[in-house]
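What follows is one structure encoded as structure tokens, with my remarks underneath.
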Amino acid sequence: MDVELIEGAPEFGRLIAQVEETGERVRLTADGEPTGVLLPAAELAALEYWAARHHKGARPQEEPADEYPPGPTAFGPYIGYRHPHGGMTLTRGRVVVAELRDADTVAWLEKQALYGRQGYMGPKRLAAFAEFLARQTPGGDEH
């Protein structure tokens, strides 16, 4: 879902609640261009995990600004903690429920996570593949 969001709009708390309840992302736009993605914290954790498997670490980031972001921001029952590199972690009662990241970062994570998942074989699949390879004739044998 795309939402045109004005900085500090009171509907932001409602959007966080929607992400928490439905588990669906909300893409934030400014002048019709995607600027950020509000997504469930568990989904971001999965993307970061799979992206790290492929990319061997986190996305390189610029140095943070010398000053740290101001204190936490309340959005109804949610508290937002801004990151020095951009983005925000959103909590409700001590539980992380959603994350806000810029659209480019989420797109990069999705691409890297796709490659990370493609190279992964679970234990059962790996055993079946090893068995398949064991049944193959050596490369030089022609029958």
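The values are calculated or read from the model by the stated rules, or taken from the named source; none is laboratory data. The model shown is predicted, which means the values in this text are computed figures rather than measured ones. When we count neighbours, we look across all protein chains shown, and the Cβ atoms used for this are built from the backbone with ideal geometry, even at glycine. Calculation scope for accessible area: heavy atoms of the full protein, side chains included, ligands and nucleic acids excluded. Shrake-Rupley method; radii C 1.70, N 1.55, O 1.52, S 1.80 Å.
Of note:
- Taking the stretch 29-49 as the range and being outside any strand (DSSP E or B), open to solvent by less than 60 Å² (accessible area, probe 1.4 Å) and aliphatic (A, V, I, L, M) as the test, the residues that pass are A41, L44, A45, A46, L47.
- Taking each residue of the stretch 59-81 that is modelled with pLDDT of 90 or more and looking for partners that are of a type in the set (K, R) with beta-carbon atoms closer than 7 Å, six or more apart or interchain, yields P77/R92; Y78/R92.
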